[in-house]
Amino acid sequence: MEYRWAWRPITDEDSVVQLSRQLNDLPIALARSLVLRGITTYDAARTFFRPELTLLHDPFLMKDMEEASNRMTEAIRSGERVLVYGDYDVDGATSTALMRSFLQSMGVDAGFYIPDRFEEGYGLNNRGIDYAKETGATLIVALDCGITGHESAKYAREIGIDLVICDHHTASDTIPDAVAVLDPKRPDCPYPFKELTGCGVGYKLIQATLSKLDLLESVAHSYLDLVALSIASDIVPILGENRILMLEGLNLIKENPRPGLVALSKVTGMTLDRCSTTQIVFSIGPRINAAGRMGSANMAVELLAVEDVNRGIELAQELEALNKQRRSLDQETLNQAVQLVEQSASTCMEHAIVLHQPDWHLGVIGIVASRLVERYYKPTILLATQNGLAKGSARSINGLNIYGALEACSDLLTQFGGHMYAAGLSLPEENITEFRNRLNEIVHEVATPEILQPEIQIDSSLLLADVDKRFWNVLRQFGPFGPENKNPVFHSNGLSVASQPTIVGGGHLKFRVKESNGTSNRVFEVIGFGKHELLPLVRTCKIDKKPIEMLYTVEENRWQGETNLQLKMKDVKAGEW
């Protein structure tokens, strides 16, 4: 795939020099990366590098928090039966485990309910509310869902059950009729940070409830590992409050992991003492997700809340088996989807991909849609049929709001919801053709050629001579990395290929580089994951003794007990002297 290289613009380049001086002559590459993140003063840099829980916003700034925390406090003091209503993805499972564990720690008889992905679908429904009634619950706390549950909220009120909603999805102008609706994205919510996960909103409710109970806010800190799992897995921006919560949650996972995560690490062989956003996204999150995708998400909730490691190992083994099934089904579905795309007329899906196979597994089509976006770089929707309706998952590309595109097609849809880059939807099968055509028209109208070509954004140019111990000590404090706070991408030209390039592992390009201009004799290892197609270019430059121009991140690599810095290649071109 050919990438467009795009320098991230800065309005005032002088601010970079000024910040570098304020920070004791910090390398310009790092100073520029800070300015790109809105850090332009010494004090702002100190706050950025020292994120603390004391910097979190007051939970009572959130609309309806007073009503929500009062109702929670009443339930705790009165010993009511409470039902925690969640969702089947990682955010939903962590939210459910968080709220139920907290309520139980307060002596509350708290059960939980997660709708079946295949029989019930996403969100609040009357079956779950009936379950609350049958089990004697007088209060439902819904997390990671509910903002569109107007009918279910009405039904709960009719049968005498109070409802508190903790959601983070896009809200409409009309809010469900509940005791309280917590959602930073409510049009009337003044909460300063809008990008909390469902679990993050639940955490804020716990903070407020502890305040009402005159208990220490630090009681809530034991749940920050769950919040971190939700932030990484739900692909929300890791800035502002999310960055603080993520950092503190990662520290908790490293230093004092809960029994369920210890069990999962024992079963899978993963280590937790260096846990990162990447490890959550690619190792922990998929296994938690496997429960809801392939079976019941209840298993994931139980694992996250389990207190006995031996029981945790049993659950982790079941999750690992489900995850292996999921991976196999992923590949099978991906192969079928690619074949359908290749066989389709180009005009049919020129700008967006919409595929429908009645028997596709609803638990994996979201993952496969993401794979197709990576392969074709087009907004992608995969649909399967259930109970006469086509149901599916949508994934998008940078700069294109898939939720907004679905909103423009709402007359064809039965239901939809989600975020800018990911959404769920359902529609009658007979509407699929018209929906596909309209979505392609919408994408064609709003997407510029630049949007439709994948780009790599560059933070700064960098001399390898600047990559020393101090450089690394500062750079690693930029984390945790993720959306809106990605690992800075650096650009270097005039690099010499200093070893025979080769392919290792599953198609990864590996070689060494050094600066050709003699400013540094240091040689750096380069790894390009999945970049095997660039081997001929790098090999030719090596043979012809021509320089290369490279985009990369600087990362730490541990191998056989040794730790070294390496350059993780994003892209490479033949350079010039």
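Only the coordinates and a few stated rules stand behind these numbers; no lab work does. Please read these numbers as outputs of a predicted model, since none were measured by experiment. Note that we place each Cβ from the backbone using ideal geometry, even for glycine, and neighbour counts take in every protein chain shown.
Descriptive notes on the structure:
- For the chain, relative contact order (Cα pairs under 8 Å, six or more residues apart, normalised by length) works out to 11 percent.
- Projected over every direction and averaged, the convex hull enclosing the alpha-carbon atoms of the chain yields 27.3 nm².
- Per-pair calculated FRET efficiency, R0 = 45 Å: Leu389 and Gln104 via Cβ, rounded to 0.05: 0.75
- Two-site FRET efficiency, Glu350 against Leu216, from Cβ-Cβ distance with R₀ of 51 Å, rounded to 0.05: 0.30
- 17 Å Cα-Cα reach of Lys545 towards aspartates and glutamates, excluding residues that sit fewer than 8 places from it in its own chain: Glu515, Glu576
- Segment Thr540-Glu151, extension gain: residue separation times 0.36 nm, minus the distance between their alpha carbons: 133.6 nm
- Full extension of the chain between Met270 and Ala465 yields a length gain of 66.8 nm, computed as 0.36 nm times the residue separation minus the alpha carbon distance.
- Virtual spin-label span in nm between Glu450 and Tyr376, 7 Å along Cα→Cβ: 2.5
- For the stretch 257-329, the relative contact order is 46 percent, taking Cα pairs closer than 8 Å that sit 6 or more residues apart in sequence and dividing their mean separation by the residue count.
- Distance between the 7 Å Cα→Cβ label points at Gln18 and Asn256: 4.3 nm.
- DSSP bridge orientation in the chain - percent antiparallel, rounded to nearest 5: 60
- Here the Kirkwood formula puts the hydrodynamic radius of the stretch 55-237 at 15.9 Å, using every distinct Cα pair.
- Environment charge at Gly392 (Cβ cut-off 12 Å; Lys +1, Arg +1, Asp -1, Glu -1): +2
- Order of Glu217, Glu562 - criterion: other Cβ atoms within 10 Å of each residue's Cβ, fewest first: Glu562, Glu217
- For the cross-link pairs Lys324/Lys542; Lys194/Lys378; Lys469/Lys568; Lys378/Lys514; Lys546/Lys568; Lys324/Lys469, the ones whose C-alpha atoms lie over 29 Å apart are Lys324/Lys542; Lys378/Lys514; Lys324/Lys469.
- FRET efficiency, 1/(1 + (r/R0)^6) with R0 35 Å, evaluated for Ser328 and Trp5 via beta carbons: 0.40
- Highest to lowest packing among 266-276, 431-441, scored as the average C-beta count within 10 Å: 431-441, 266-276
- The charge dipole of the stretch 340-446, taken about its Cα centre with unit charges on the Cβ atoms of Lys, Arg (+1), Asp and Glu (-1) only, comes to about 340 debye.
- Sites matching trypsin sites (Lys or Arg not before Pro) across the stretch 489-548 that sit in DSSP coil, with at most 15 neighbouring C-beta atoms within 10 Å: Arg522, Lys545
- From the alpha carbon centroid of the stretch 217-274 to that of the stretch 492-542 is 35 Å.
- Sequentially through the stretch 278-288, phi angles give Karplus couplings (6.51, -1.76, 1.60; θ = phi - 60°) of 4, 5, 5, 4, 9, 10, 6, x, x, 6, 5 Hz, Gly and Pro residues having no value and appearing as x.
- In terms of the mean number of neighbouring beta-carbon atoms within 10 Å, the peptides 182-188, 37-43, 278-284 order highest first as 182-188, 278-284, 37-43.
- Dipole axis of the stretch 257-329 (+1 Lys, Arg; -1 Asp, Glu on Cβ), positive-most option in Leu315, Leu261, Thr278: Thr278
- For the stretch 340-446, the Kirkwood estimate of the hydrodynamic radius, built from every pair of different alpha carbons, is 13.4 Å.
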